[in-house]
Amino acid sequence: MTGESRPPARPLGIVVVGTGFIADEHIGALLGRRDADLVGVVDTHAGRAAAAARRNGGVRFTTDLAEALSWPGVDACIVCTPNGSHHALALAVADAGKHLLIEKPLTITVPEAVEVADAFAAAGTVLMAAHTHRFYDYGRAVKTAIDAGEVGRPEVVRLAILGDWIWPDWRAWVLDPKASGGHALHNGVHLLDLATWWLGARPESVYARGRKQTAAELDIHDYLEMVVRYSDGSVAVCEMSRGHRTGGVGLRDVMVLGSEGLLTLPWNGDGSPLLSERGFSQVPAPGGNGFAVQLAAWLDTISGQEPAMPVHDAVLAVAMGVAAERSMASRRPVLLSELGIPDRHAPSPGAPALDEGRTA
């Protein structure tokens with residue numbers, strides 16, 4: 001969709017589906033906006049839905065998505081539910097003619113991702129997957145530097161995001177591959193998408209190795225190393241962990257090697273390490289809210305601007321995550337061409353970085 005961004009006659013009415021901690025991030029991004037309002041919340045658990053409604057000013061709530069989609073003034077949904085539920089929920093939103101921002105991954109299989117993308121194209125409504133790292137300050141800064149030619153042609157990306165256990169207990173749905181698709185689709189997909197966006201090239205294969213770092217009894221790999229090879233000869237090495245120590249500290253390292261230079265962004269570029277009597281922790285640096293920038297980009301797309309996260313890229317991210325999971329199972333590289341992405345969904349990973357002026 002293209003054209004000038006124009007404010008709507010009334011704020012866009014939004015329903016949030018799922019009321020976990022990620023939903024709170026999305027709802028927080030809505031606060032204070034004049035062009036969008038929270039109309040209500042949906043959760044399969046009535047108590048959780050009611051509690052979320054109370055926390056957010058007494059908005060409407062229900063356990064039935066179809067009911068919420070029929071409420072007056074509802075134009076769009078933000079879906080924050082387990083990955084395995086995305087396919088059915090997205091199709092229901094498309095069928096209702098509403099816009100959708102859905103937590104990554106878009107779905108957990110390539111055929112489902114293609115079906116969802118096609119449904120929104122047929123409905124003429126906006127679909128965007130919430131690959132939030134594209135909207136964090138560091139993600140945009142690296143993309144801007146690459147697009148400006150500061151390293152020449154990018155040839156190698158090394159991206160590591162290492163953190164500790166974040167799930168409440170072993171009943172968390174993320175630990176069930178049937179619900180999450182596996183860790184490459186749940187968290188690893190952030191890195192696969194970001195490195196591909198930075199490089200602006202078409203991925204051809206993924207070779208992944210996984211480890212059950214926290215405990216052998218896990219049903220997913222909580223540590224991943226994924227190597228992506230691209231059609232132009234470039235390579236991305238992505239390392240993702242939720243089994244690292246020390247607790248409470250996130251480590252991140254970025255390196256982009258190009259034909260004319262080297263870009264590095266060490267893990268403490270976001271803040272400063274702090275060693276005290278209470279142990280090792282991190283003091284965050286001031287920076288933009290990635291969820292707020294992401295929301296603004298979605299709303300911009302609804303109002304007619306070019307998408308900052310194209311649908312084809314979301315389909316491609318699913319394919320890379322699936323390829324990584326298959327590679328860990330088979331212990332061989334997996335070609336993206338084996339996954340049957342239709343030509344109409346040829347990826348466009350070279351989308352430019354956001355214009356800072358658009359999201360202020």
Estimated vicinal HN-Hα couplings, Hz - the stretch 39-53 in sequence order (Karplus 6.51, -1.76, 1.60; Gly, Pro = x):
8, x, 10, 10, 8, 5, 9, 4, x, 5, 4, 5, 5, 5, 5
Mean-square fluctuation maximum in Gaussian network of the chain, Cα pairs under 10 Å, restricted to LEU339, LEU199, LEU224, hits LEU339
Extension gain ASP35-GLU155, at 0.36 nm per residue separation less the Cα-Cα distance, in nm?
39.1 nm
Would you please give the residues with an amide H less than 5 Å from that of GLY258, counting only those at least 5 places away or on a separate chain, with H modeled from the backbone geometry?
GLU155, LEU263
Value of [θ]222 nm, deg cm²/dmol, for the chain, DSSP H segments ≥ 4, -39500 (n - 2.57) each, nearest 500:
-9500 deg cm²/dmol
Could you work out how much longer the chain between PHE21 and GLU338 gets when fully extended? Use 0.36 nm per residue separation minus the Cα distance between them, nm to one decimal.
110.6 nm
Using the Cα centre of the stretch 1-133 as origin and beta-carbon charges of +1 (Lys, Arg) and -1 (Asp, Glu), tell me which of GLY28, PHE120, HIS99 is placed farthest towards the positive end of the dipole.
GLY28
Filter the trypsin sites (Lys or Arg not before Pro) in the stretch 180-212 down to the DSSP loop ones having no more than 16 other Cβ atoms within 10 Å, then list what survives.
LYS212
Share of carbon and sulfur in the accessible heavy-atom surface of the chain [1.4 Å probe, %]
53 percent
Residue by residue through the stretch 164-179, what is 3J(HN,Hα) from phi via Karplus (6.51 cos²θ - 1.76 cosθ + 1.60, θ = phi - 60°)? Round to whole Hz and write x for glycine and proline.
9, 4, 10, 8, x, 6, 6, 8, 4, 4, 4, 7, 9, x, 5, 8
When DSSP assigns beta bridges and you keep just the ones with both residues in the chain, what percent turn out antiparallel, to the nearest 5?
55 percent
What nm distance separates the two modelled labels at LYS178 and ARG331, each placed 7 Å from Cα along Cα→Cβ?
2.7 nm
Pick out, from ALA50, GLY182, PRO310, the residue whose Cα sits farthest towards the positive end of the charge dipole of the chain, with +1 on the Cβ of Lys and Arg and -1 on the Cβ of Asp and Glu.
ALA50
Run the numbers on the stretch 79-144 and let me know its relative contact order in percent, using alpha-carbon pairs under 8 Å that are six or more apart.
33 percent
Please give the contour-minus-distance gain from ASP219 to LEU262: 0.36 nm per residue of separation, less the Cα-Cα distance, rounded to one decimal in nm.
11.7 nm
Return the sequence-ordered ³J(HN,Hα) values of the stretch 217-223 in whole Hz as given by the Karplus equation 6.51 cos²θ - 1.76 cosθ + 1.60 applied to θ = phi - 60°, using x for Gly and Pro.
6, 4, 8, 10, 8, 8, 10
With every protein chain kept in place and a 1.4 Å probe, the chain has an accessible area per residue in Å² of 44 Å²
Report the FRET efficiency, 1/(1 + (r/R0)^6), for ASP232 and TRP71, where r is their Cβ-Cβ distance and R0 is 56 Å, rounded to 0.05.
0.70
Return a whole-number percent for the relative contact order of the stretch 33-141, with Cα pairs under 8 Å and 6 or more residues apart as the contact set.
19 percent
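The values are calculated or read from the model by the stated rules, or taken from the named source; none is laboratory data. Quick caveat, the model's predicted, so the values are computed rather than measured. All Cβ positions, even for glycine, are placed from backbone atoms using ideal geometry, and neighbour counts span all protein chains on display. In case anyone asks, the SASA skips ligands and DNA or RNA and just uses the protein heavy atoms, side chains included. Shrake-Rupley method; radii C 1.70, N 1.55, O 1.52, S 1.80 Å.
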